[in-house]
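Participant: Before I ask anything, here is the structure I am working with.
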Amino acid sequence: MKKILITRKLLKENEEKLKELFEVILNPDDKIYSQEELIKKSKDCDGILSSVSDQINKDTISKLSAKIKIIANGAVGFGNIDIDAAKQKGIAVTNTPDVLTDATADIAILLLLGASRRALEGRIAAENQNWKWSFDFLLGKQMSNKTLGILGMGRIGRAVAKRARGFNMQIHYHNRKKLPNDLEEGAVFHKDVKSLFANSEFLSINCPANSETTKIVNEDTLKHLLPNCVVANSARGDIVDDEAMIKALKSKKVFAYGLDVYNGEPKIHPEYLKLKNIFLLPHLGSATKRTRWDMLYRATKNLEMFFNGEKPKDLVN
Ligand code: GLV
């Protein structure tokens, strides 16, 4: 039986399935392993089932046992793994696309609405019993009938667009490549980010985190946004330059920012916590029971296929 290090506590049913297929090292206390711990715990293993909280960089990969042949990341994003270094060492990396598209797109809409309609301020006022209805109490920005810029029109970006059409929003997008018409469904393509920003009353960040997108939302690009734009990030913290965003929130260039993902998670830039025009969630994008089960099932399937000598369905390197 092949031996797998499972870095985080999984749903019980998924752990049971993995136990039938492999010899497993579980993590019942759900401790987040340091790179040293990960290297040590996986030393007799043939594979690793990892999560977004594991930073498996070039240095870690160079120190992993030569026995390890696959890292099945239990996430669609794989910016936490140096996939090129893994490939060079002969380690396959897989992710879990598709199954979390809807859950994440739902959260993107929640972020846009929560930020634009000042839901967090409202919750705090209600909780503190510190409010009374008035004509100018907590006035937000209406999302319906506005333009929505989508940065990254992959599966999740397109699912956000689909939902936003229900709000009668006009969709603009930036992607590395223009999509074919059937996938565009009337959305307007922008070859560069600045042009997208100049047409966005609302903006949803949905691109993967990689060397091309790191801090793509920065001081230089943010200044092109339409004034009072509402921004939501359901992708990755690294895509946004926090200092520039905080400045834009303070000057109200950005009306409000809804975010589910952070640079250096689970830490949150302390300035975000001081701002009112912010709507924060703790990385809940794929957090429904069904979605998490599906993601872990898919990661398990990738391990199973790999050790059966097949090409795993979701190989990314
Ligand atoms: C979650 O953030 C994922 O990438 O699956």
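Each value in this text was obtained by applying a stated rule to the coordinates, not by laboratory testing. Note that the structure is predicted; figures quoted are calculated from it, not measured. Glycine also receives a Cβ, built like all others from the backbone with ideal geometry; neighbour counts cover every protein chain displayed.
Participant: Would you mind ranking VAL193, VAL231, VAL76, VAL188 so that the residue whose beta carbon has the fewest other beta carbons within 10 Å leads the list?
Facilitator: The most exposed by this proxy come first: VAL188, VAL193, VAL76, VAL231.
Participant: Counting other C-beta atoms within 10 Å, which of MET169, MET295 has the fewest, and how do the rest follow?
Facilitator: Least crowded to most crowded, the residues run MET169, MET295.
Participant: Could you give the longest part of the chain that holds none of the chymotrypsin sites (Phe, Trp or Tyr not before Pro) found in DSSP loops with at most 12 neighbouring Cβ atoms within 10 Å?
Facilitator: In the chain, the maximal stretch lacking such sites is 138-317.
Participant: I want the local charge near SER204. Using Cβ-Cβ distances under 15 Å, sum +1 for each Lys or Arg and -1 for each Asp or Glu among the other residues.
Facilitator: +4
Participant: Compute the signed sum of charges (Lys and Arg +1, Asp and Glu -1) over the other residues within less than 14 Å, Cβ to Cβ, of GLY79.
Facilitator: Net charge around GLY79: -3.
Participant: For LYS177, which aspartates and glutamates qualify as cross-link partners when the Cα separation must be under 12 Å and same-chain residues fewer than eight apart are set aside?
Facilitator: Those aspartates and glutamates meeting the cut-off are ASP192.
Participant: Just in the stretch 161-240: which GluC sites (Glu not before Pro) are loop by DSSP and have at most 14 other Cβ atoms within 10 Å?
Facilitator: For GluC sites (Glu not before Pro) across the stretch 161-240 that sit outside H, G, I, E and B with at most 14 neighbouring Cβ atoms in 10 Å, the list reads GLU185, GLU212.
Participant: Let me ask something else. For LEU110, LEU21, what's the fewest-to-most ordering of other Cβ within 10 Å of each Cβ?
Facilitator: Neighbour counts put them in this order, fewest first: LEU21, LEU110.
Participant: Compute the acute angle (0 to 90°) between the alpha-carbon long axis of helix 101-116 and the principal axis of greatest extent of the alpha-carbon atoms of the chain; round to the nearest 10°.
Facilitator: The helix 101-116 is inclined about 30 degrees to the chain.
Participant: Moving to a separate point now. Taking amide hydrogens as modeled 1.01 Å from N in the peptide plane, which residues meet the under 5 Å criterion relative to LEU203, leaving out close sequence neighbours?
Facilitator: Close amide H contacts, sequence-distant or interchain: GLY149, VAL230, VAL231, ALA232.
Participant: Moving to a separate point now. Enumerate the amide H contacts of ALA92 below 5 Å, restricted to partners 5 or more residues apart or on another chain; note that Pro and chain-start residues carry no placed amide H.
Facilitator: Here ILE70, ILE71 satisfy the definition.
Participant: Give the separation of the Cα centroids, the stretch 1-43 to the stretch 249-317, in Å.
Facilitator: Using only Cα atoms to place each centre, the spacing works out to 20 Å.
Participant: Here is a follow-up. Over 27 Å between Cα atoms: which of LYS191/LYS267; LYS215/LYS253; LYS12/LYS313; LYS87/LYS313; LYS58/LYS274; LYS9/LYS313 fall into that group?
Facilitator: Exceeds cut-off: LYS191/LYS267; LYS58/LYS274.
Participant: Just going by the charge dipole of the chain, with Lys and Arg at +1 and Asp and Glu at -1 on Cβ, which of SER53, GLN142, LEU284 is farthest out on the positive end?
Facilitator: GLN142
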